[in-house]
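K.L.:
Okay, here's the structure, questions in a sec.
Values in this text are rule-based calculations from the coordinates and carry no lab data. Computed from a predicted structure; not experimentally measured. Every residue, glycine among them, receives a Cβ derived from its backbone with ideal geometry; neighbour counts consider all protein chains shown.
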Amino acid sequence: MKNLRHILAGTAVSLLLPLSAWAGPVNVNTANAETISAELQGVGLTKANAIVEYREEHGPFRSANDLAEVKGIGQRTIEINQGDILVQDGEISPK
């Protein structure tokens with residue numbers, strides 16, 4: 001029984017790993033909340049909506065670090081996603 005649990009747990013983890021590999025670059029100045037939440041780790045729909053609302057109110061983000069101005073987005077979230085945050089199409093955001 002214990003071995004079966006380990007096998008099932010390992011299978012579940014292996015099925016989820018490819019999903020995280022699909023997360024990828026997203027332009028936080030043009031993407032909608034659903035896309036932002038799907039592409040950035042640790043950013044759910046509520047935080048993604050906050051990013052969109054902040055952008056609409058204050059204008060485009062100039063760098064990934066500008067996301068720290070959004071309520072609920074901390075420096076750790078920015079660090080985790082640094083390579084996937086775009087502020088212009090095709091360009092990874094500078095720090």
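K.L.:
When the residues of segment 56-68 are narrowed to those that are assigned to a helix (DSSP H, G or I) and within 16 Å of the chain's Cα centre (by Cα), which ends up nearest to Gln88 (Cα to Cα)?
P.N.:
Ala64
K.L.:
Identify, please: which residue in segment 69-87 is more than 13 Å from the chain's Cα centre (by Cα) and not in a strand (DSSP E or B) and is, among those, surrounded by the most Cβ atoms within 10 Å (Cβ to Cβ)?
P.N.:
Among those residues, the one meeting the criterion is Val70.
K.L.:
To continue, here is another question. Residues that are closer than 13 Å to Gly24 by Cα, surrounded by fewer than 18 Cβ atoms within 10 Å (Cβ to Cβ) and of a type in the set (Gly, Ala, Ser): does segment 45-59 have at least one?
P.N.:
No, segment 45-59 contains no residue that is closer than 13 Å to Gly24 by Cα, surrounded by fewer than 18 Cβ atoms within 10 Å (Cβ to Cβ) and of a type in the set (Gly, Ala, Ser).
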